[in-house]
Amino acid sequence: MDITDTQQAILAMITERIAADGVPPSQVEIAHAFGFKGVRAAQYHLEALEQAGAIRRVPGQARGIRLVAPEGLPDVSSPAADLVPAAGDDLLRLPVLGQVAAGLPIGADAGLHDMVLLDRVFFSPAPDYLLKVKGDSMRDEGILHGDLIGVHRTRDARSGQIVVARIDEEITVKLLKIGKDGIRLLPRNPDFAPIVVKPDQDFAVEGLYCGLVRPNR
């Protein structure tokens with residue numbers, strides 16, 4: 001199945017974002033980048049790319065876009081594609097380490113709560129552990145109360161990435177923004193205010209958000 005020039009450009013954007021940030025763009029980001037009036041247009045093009053076999057979407061997962069490399073499509077392969085193994089590859093046995101706030105920061109219990117076995121397809125890059133989300137400040141990113149989010153342990157993060165961050169002794173998941181005026185942690189729900197990191201606070205990135213699973217409720 002042929003894809004349009006717009007869909008080819010969207011596919012290139014997805015490939016570049018996975019290579020640069022480790023996660024694909026959201027539908028909102030695709031809509032903004034291409035000047036669409038709403039996410040429905042982005043959904044239409046993603047559906048066409050999925051039907052063409054260029055991508056695979058994971059239901060119920062924020063940023064749940066996975067690259068595939070079928071024959072007959074233009075070569076948009078990159079090392080990022082290797083970050084997304086196909087279903088049936090090795091499973092991940094991951095610890096659930098407490099909870100993280102998608103709202104106001106909360107203390108995180110680092111104790112082992114559970115161990116779960118999950119397919120690597122749910123995450124990019126592979127996580128080191130899971131945290132249970134409390135609150136809905138990241139609702140518009142598709143991260144809901146009760147979700148288990150994968151965290152890739154790292155201290156390095158760029159502005160615009162979703163991170164698990166520590167402020168003093170509190171842990172939260174937010175969109176990281178680094179500017180001339182300092183560091184802010186942004187919610188993805190208009191009902192919540194940004195968190196401004198003060199110069200005298202003990203701040204650190206604990207890891208990068210790399211996908212989620214949604215337990216049956």
Does residue 132 meet the test of being outside any loop (DSSP other than H, G, I, E, B) and more than 18 Å from residue 24 (Cα to Cα)? yes
Can you list residue pairs whose Cβ atoms sit under 7 Å apart, with the first residue in the stretch 137-151 being touching a residue at least 12 places away in the same chain (Cβ under 8 Å) and the second being hydroxyl-bearing (Ser, Thr, Tyr) and surrounded by fewer than 23 Cβ atoms within 10 Å (Cβ to Cβ)? Count only pairs 6 or more apart in sequence or on different chains. 141/26; 151/129
So residue 114 passes all but one of these: (1) at pLDDT below 90; (2) part of a loop (DSSP other than H, G, I, E, B). Which condition number does it fail? (2)
Total residues in the stretch 145-160, condition surrounded by fewer than 18 Cβ atoms within 10 Å (Cβ to Cβ) and assigned to a loop (DSSP other than H, G, I, E, B): 8
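Pull up the stretch 35-47, narrow it to residues that are assigned to a loop (DSSP other than H, G, I, E, B) and at pLDDT 85 or above, then point me to the one that is surrounded by the most Cβ atoms within 10 Å (Cβ to Cβ). Spell out the reasoning first.
Step one: list which residues in the stretch 35-47 are assigned to a loop (DSSP other than H, G, I, E, B), which gives 35-38.
In the following step, the residues that additionally are at pLDDT 85 or above were identified as 35-36.
On the way: 35: 7, 36: 18.
The residue in question is 36.
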Here are some residues: 168, 202, 181. Which one is free of Cβ contacts under 8 Å to residues at least 12 places away in the same chain and among the charged types (D, E, K, R)? 181
State yes or no: is residue 144 within 18 Å of residue 28 (Cβ to Cβ), outside the structural domain of residue 66 (by TED's automatic domain parsing) and out of contact with any helix residue (DSSP H, G or I) (no Cβ under 8 Å at 6 or more places or on another chain)? yes
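Here is a check on your reading of the model: is residue 206 outside the structural domain of residue 67 (by TED's automatic domain parsing), over 13 Å from the mean Cα position of the chain (by Cα), at pLDDT below 90 and surrounded by fewer than 19 Cβ atoms within 10 Å (Cβ to Cβ)? Walk me through how you get there before you give the answer.
Values: outside the structural domain of residue 67 (by TED's automatic domain parsing): yes; over 13 Å from the mean Cα position of the chain (by Cα): yes; at pLDDT below 90: yes; surrounded by fewer than 19 Cβ atoms within 10 Å (Cβ to Cβ): no.
Judged against the criteria, residue 206 is not a match.
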Matching residues in the stretch 51-82 - criterion: being surrounded by 13 or more Cβ atoms within 10 Å (Cβ to Cβ), closer than 14 Å to residue 4 by Cβ and at pLDDT 85 or above: 52, 54
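The values are calculated or read from the model by the stated rules, or taken from the named source; none is laboratory data. Quick caveat: nothing in here was measured; it's all calculated off a predicted structure. Cβ sites come from the backbone with ideal geometry, for glycine too, and all protein chains shown count toward neighbours.
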